[in-house]
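Participant: Got a structure for you, questions after.
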Amino acid sequence: MSQTPLNLFSDRINPLSISPLWERKIKMIPGSQCVPHVWPYSVMRPLLDESALLIEKKEADRRVLMMENPSLRGSSFIANSLFAGLQIILPGEIAPSHRHTPNALRFVMDGEGAYTSVNGEKVSIYPGDFIVTPNWSWHDHGNLGKSAVVWMDGLDTPFTNLFGAHFRENYPEDIFPVTKENGIGYALYGSNLLPLADNNLNDPNPCSLLHYSFDKTRDALLAMSKDTGLQIDKAQGYKLKYTNPLNGSYPFKTMAAFMQMLPLGFRGQKYRTTENTVFNLAYGSCRVYLKNRTVDLSAHDVMVIPSWETYSFEADKESMIFSFSDRAAQQALGFWREEILSESNFE
Ligand code: GTQ
Ligand code: FE2
């Protein structure tokens, strides 16, 4: 480069940790360095079974295979704003109680007999269920059944780490005392009813709706698909968001969660959004058209679609897809956008 006065100036300020805006290299367009990626269950499950033999019972809480975006190797993250891992827990095992500042969600994929306990409320969980673990709440998990249980963990760890606010601590015992009536959260908050006096507000460990059962979610989606008055979303099919029954907001300040149903033969339109999304196919099978390729998803496959990547769905069987994203944070901050790109699918 020729030594113009401007170049000489840049060279001089560079050692002072100063850069001129007129030379800035950051992206000022939507999208990130992350790429869409799929982790097939046919690959993940044998690896999880193998990890169960390698990682001891008392370390069961660390038996997670993290799905890292190919462009974020070493970061633990599946997208710039999200963490996702698959966890396996064997019959008789417990994952010791702890708490952390990241919020966590679980989506149960396979196996029966597991429970999770959040701030002293124990809930039995079944495939297709969605579970909320609010930040800083004590939680432990266990498997009282006869088969291995696999679920997906979704966390907003990139947010706590961005702010330098990641705290984690272990409870002095393996299990946090169960102090609440079994199923209290569901009974109180899961039936379009709310307690008149919200004593919860003064409770350091308030109870709330922690568990959204697949039975109800599926029934809602099937009813939605049969009601001719309800319009199908041209890109996403029939789609429901999980909400906090206290105020209808997303279950977390950062993360939103959804379940969608693609009817048999559905051909979705090309779509893109700024939200980073992790999908997990609950049942059925579908095809996803990406920019330069297509991927086929079957049950329990995980797919990440990072911000502003164009995709469309096509269903060769009736399918239900769970997903979580950073939409809650993006909408709260005024960043969120979406776009339907055309009337036609990728060919
Ligand atoms: O099971 O509580 O995948 O704390 C990452 C961090 C799972 C858990 C993860 C966690 C957990
Ligand atoms: Fe945890």
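Values in this text are rule-based calculations from the coordinates and carry no lab data. Everything numeric in this text was worked out from a predicted model, so none of it was measured. Here the Cβ positions follow ideal geometry from the backbone for every residue, glycine too, while neighbour counts run over all protein chains shown.
Participant: Taking just the alpha-carbon atoms of the stretch 281-347, what radius of gyration and Dmax come out, in angstrom?
Facilitator: 13.3, 37
Participant: Cα-Cα over 30 Å: which of Lys146/Lys180; Lys180/Lys216; Lys25/Lys291; Lys25/Lys239; Lys57/Lys239?
Facilitator: Lys25/Lys239; Lys57/Lys239, as the Cα separations exceed 30 Å there.
Participant: How large is the helix-only mean residue ellipticity at 222 nm for the chain, computed as the sum of -39500 (n - 2.57) over DSSP H runs with n ≥ 4, divided by its residue count, in deg cm²/dmol to the nearest 500?
Facilitator: So the calculated ellipticity at 222 nm is -4500 deg cm²/dmol.
Participant: Sticking with this one: So how far, in whole Å, is the C-alpha centre of the stretch 229-283 from the one of the stretch 105-121?
Facilitator: 22 Å
Participant: Sticking with this structure for a sec: Can you give the net charge of the other residues whose Cβ lies under 12 Å from the Cβ of Ala315, counting K and R as +1 and D and E as -1?
Facilitator: Once positives and negatives cancel, what remains is -1.
Participant: What's the angle, to the nearest 10 degrees (0 to 90), between helix 41-54's Cα axis and the longest principal axis of the chain?
Facilitator: Tilt of helix 41-54: around 70 degrees.
Participant: In addition: Roughly how compact is the stretch 22-94, stated as its Cα Rg over 2.2 N^0.38 Å to two decimals?
Facilitator: Normalised by 2.2 N^0.38 Å, the Cα Rg of the stretch 22-94 equals 1.49.
Participant: At a threshold of 8 angstrom on Cα-Cα distance, excluding pairs fewer than six apart, so keeping six or more, what relative contact order does the chain reach in percent?
Facilitator: Value for the chain: 16 percent.
Participant: Give the Kirkwood hydrodynamic radius (Å, one decimal) of the chain, defined as one over the mean of 1/r across all pairs of different Cα atoms.
Facilitator: 21.7 Å
Participant: With angles folded into 0 to 90 degrees, how steeply does helix 214-226 sit against the dominant principal axis of the chain? Use alpha carbons for both and round to 10.
Facilitator: With rounding to tens, the tilt is 70 degrees.
Participant: What does the convex hull of the Cα atoms of the stretch 190-299 come to per residue, in Å³, rounded to a whole number?
Facilitator: In the stretch 190-299, the Cα convex hull volume per residue is 142 Å³.
Participant: Comparing Glu314, Glu181, Glu275, which has the greatest mean-square fluctuation in the GNM of the chain with Cα pairs linked when under 10 Å apart?
Facilitator: Glu181
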